[in-house]
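K.L.:
Input: one structure, supplied below.
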């Protein structure tokens with residue numbers, strides 16, 4: 001049975017924390033394919049209106065293109081094409097039809113995992129795939145909360161795995177602010193791939209001059 005990984009998000013912008021999590025996800029679970037899926041309109045976050053879904057999609061394509069010789073990673077426009085609010089339940093339901101004989105792994109950040117009970121049809125979503133929790137920061141309380149919720153879901157018969165990744169603490173909000181103010185390229189290159197930063201400069205996204 002093939003293993004299909006899903007990694008969704010706003011990716012605004014896509015940064016090295018996303019890259020690291022994606023590759024660790026791919027390797028740990030021996031995925032046959034990984035789908036990077038930028039949301040059109042995320043239900044849980046507000047995406048700045050001046051950054052189009054198409055720009056976020058293109059940044060993801062540029063970012064993950066360098067892995068094409070070693071990993072089977074596709075950047076998918078499945079949610080952007082659908083238009084409207086992007087609900088994970090709808091996306092996974094569609095992917096289950098595309099990959100009916102595959103096991104789907106769903107990568108989720110620890111912060112969002114803690115709010116999973118507020119997601120649309122979250123129980124049906126838990127039944128359709130294996131959730132994999134990636135820690136976003138080194139926070140003992142958050143880790144404890146994640147483990148407790150994982151135990152709760154596991155006792156209900158759902159499968160929850162931990163990525164046990166090297167948490168890369170990056171604030172997308174801070175990155176956007178620095179990009180807007182054209183501050184410190186050396187700092188930006190610590191967190192953004194050069195190709196993505198070049199794209200942002202060329203297109204003047206985030207008002208970078």
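K.L.:
In segment 152-173, which residue that is surrounded by 11 or more Cβ atoms within 10 Å (Cβ to Cβ) and part of a helix (DSSP H, G or I) is nearest to the chain's Cα centre (by Cα)?
P.N.:
Applying the filter and picking the extreme gives 172.
K.L.:
Also, quick follow-up: Would a scan of segment 61-73 turn up a residue that is modelled with pLDDT of 95 or more, closer than 22 Å to residue 177 by Cβ and in contact with a strand residue (DSSP E or B) (Cβ under 7 Å, 6 or more places away or on another chain)?
P.N.:
No, segment 61-73 contains no residue that is modelled with pLDDT of 95 or more, closer than 22 Å to residue 177 by Cβ and in contact with a strand residue (DSSP E or B) (Cβ under 7 Å, 6 or more places away or on another chain).
K.L.:
Here's another thing I want to ask about it. Just one of 155, 181, 148, 165 is touching a strand residue (DSSP E or B) at 6+ places or on another chain (Cβ under 8 Å) and either under 23 Å from residue 56 (Cβ atoms) or at pLDDT 90 or above (or both); which is it? I'd like the intermediate steps shown before the answer.
P.N.:
Details: 155 fails: touching a strand residue (DSSP E or B) at 6+ places or on another chain (Cβ under 8 Å); 181 fails: touching a strand residue (DSSP E or B) at 6+ places or on another chain (Cβ under 8 Å); 148 fails: touching a strand residue (DSSP E or B) at 6+ places or on another chain (Cβ under 8 Å).
Matching residue, one of 155, 181, 148, 165: 165.
Rundown of residues vs (1) outside any helix (DSSP H, G or I); (2) under 22 Å from residue 166 (Cβ atoms), yes/no style:
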{"position": "14", "(1), (2)": "yes, yes"}
{"position": "19", "(1), (2)": "no, yes"}
{"position": "26", "(1), (2)": "no, yes"}
{"position": "31", "(1), (2)": "yes, yes"}
{"position": "34", "(1), (2)": "yes, yes"}
{"position": "54", "(1), (2)": "no, no"}
{"position": "74", "(1), (2)": "yes, no"}
{"position": "80", "(1), (2)": "no, no"}
{"position": "96", "(1), (2)": "no, no"}
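K.L.:
Also: Taking into account only those residues within segment 105-119 that are out of contact with any helix residue (DSSP H, G or I) (no Cβ under 9 Å at 6 or more places or on another chain) and surrounded by fewer than 14 Cβ atoms within 10 Å (Cβ to Cβ), which is nearest to residue 142 (Cα to Cα)? Walk me through how you get there before you give the answer.
P.N.:
Quick first cut of segment 105-119, residues out of contact with any helix residue (DSSP H, G or I) (no Cβ under 9 Å at 6 or more places or on another chain) only: 112, 115, 118.
Next, from what is left, pick out any that are surrounded by fewer than 14 Cβ atoms within 10 Å (Cβ to Cβ): 115, 118.
On the way: 115: 12, 118: 18 Å.
It comes out as 115.
K.L.:
Go through segment 15-50 and give me each residue that's in contact with a helix residue (DSSP H, G or I) (Cβ under 6 Å, 6 or more places away or on another chain) and closer than 19 Å to residue 192 by Cα.
P.N.:
Listed by number, the residues that qualify are 15, 16, 36, 37, 38.
K.L.:
Give segment 1-12 a look and list any residue that's assigned to a loop (DSSP other than H, G, I, E, B) and surrounded by fewer than 22 Cβ atoms within 10 Å (Cβ to Cβ), or say none.
P.N.:
Looking only at segment 1-12, we keep the residues that are assigned to a loop (DSSP other than H, G, I, E, B), and these are 1-2, 10-12.
Answer for segment 1-12, where residues must be assigned to a loop (DSSP other than H, G, I, E, B) and surrounded by fewer than 22 Cβ atoms within 10 Å (Cβ to Cβ): 1, 2, 10.
K.L.:
Next up: Restricting the search to segment 120-151, which residues are surrounded by fewer than 19 Cβ atoms within 10 Å (Cβ to Cβ), free of Cβ contacts under 8 Å to residues at least 40 places away in the same chain, touching a helix residue (DSSP H, G or I) at 6+ places or on another chain (Cβ under 7 Å) and not in a helix (DSSP H, G or I)?
P.N.:
121
K.L.:
Kindly provide the set of residues from segment 13-41 that are touching a residue at least 12 places away in the same chain (Cβ under 8 Å) and surrounded by fewer than 18 Cβ atoms within 10 Å (Cβ to Cβ), ordered by number. Talk me through it step by step, then tell me what you get.
P.N.:
Initially, segment 13-41 is screened for residues touching a residue at least 12 places away in the same chain (Cβ under 8 Å), giving 13-26, 28-41.
16, 20, 23, 24, 28, 30, 32, 33, 41, listed by residue number.
K.L.:
Test residue 201 against the criterion of being touching a residue at least 24 places away in the same chain (Cβ under 8 Å), closer than 28 Å to residue 52 by Cα, surrounded by 13 or more Cβ atoms within 10 Å (Cβ to Cβ) and more than 21 Å from the chain's Cα centre (by Cα), and give yes or no. Break it down stepwise before answering.
P.N.:
Values: touching a residue at least 24 places away in the same chain (Cβ under 8 Å): no; closer than 28 Å to residue 52 by Cα: yes; surrounded by 13 or more Cβ atoms within 10 Å (Cβ to Cβ): yes; more than 21 Å from the chain's Cα centre (by Cα): yes.
No.
The values are calculated or read from the model by the stated rules, or taken from the named source; none is laboratory data. Note that the structure is predicted; figures quoted are calculated from it, not measured. Glycine also receives a Cβ, built like all others from the backbone with ideal geometry; neighbour counts cover every protein chain displayed.
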